[in-house]
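Laboratory data are not the source of any read-out in this text; all were calculated from the coordinates shown. Everything quoted here is computed from the prediction, not taken from an experiment. In this analysis, Cβ positions are derived from the backbone assuming ideal geometry, glycine residues included, and neighbour counts consider all displayed protein chains.
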Amino acid sequence: MKLVAGWGLISALLVLRVQADVPAGELTEIQNKTIRLVMERLHQRDLPNAYRMASIVKAVEELYSAGIFINVEFLMKQTSCHKHDWSKPDCKVVKNAKIYSCFGCFKFEYDSYNIISQAEECILLRHLNEGRKARRNSLCNEVEMKVTGKTIPGVYSFLRKE
């Protein structure tokens, strides 16, 4: 009886974990652009090896009058390729690879996809703690609330002076 309850709990947890990952094929063009920007930033650092995306933890896209807000979180694993070759598809993940947890929050203008505001970070997964997650959320909230840039025509049409 205990074995059945244990397996039920384990399978429920596995289902939750699988549902948390976002398939790369379901990302929009602007979400892919955001991930690419964060990956480029990681590979500008003083790292000898290239890293490849292992999984997408979160991908959110919201439309606001002041622009398009994108929030992505994903994991990157170390490969055998040199960091300048990070975009090559034949780079293989190394055994006991270092894993980076990356996030990016960007706000883009409509149509042009010019960046209004951004925050991104990639840190070793073992350094990701609750304090760091709270800091990331705070940074994303600041990016999300940024209101400079182009807005949708007519967004202020129904505002009136009181």
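Per-residue extension of 0.36 nm, minus the Cα-Cα distance of Glu109 and Lys95, leaves a gain of 0.9 nm for this segment. In terms of distances greater than 28 angstrom between alpha carbons, the cross-link table entries Lys83/Lys146; Lys33/Lys146; Lys58/Lys98; Lys33/Lys88; Lys58/Lys107 yield Lys83/Lys146. Shape call for region 70-117 from the C-alpha gyration tensor, a ≥ b ≥ c root eigenvalues: rounded (a/c under 1.5), prolate (a/b greater than b/c) or oblate? Verdict is prolate for region 70-117. Could you tell me which of rounded, prolate or oblate describes region 65-154, using a ≥ b ≥ c as the square roots of the eigenvalues of the alpha-carbon gyration tensor, with rounded for a/c under 1.5 and, failing that, prolate when a/b is larger than b/c and oblate otherwise? Because a/c hits 1.5 or more and a/b fails to exceed b/c, region 65-154 counts as oblate. For Glu62, neighbours were defined as the other residues whose beta-carbon sits under 14 Å from its Cβ, and their charges (Lys and Arg +1, Asp and Glu -1) total +1.
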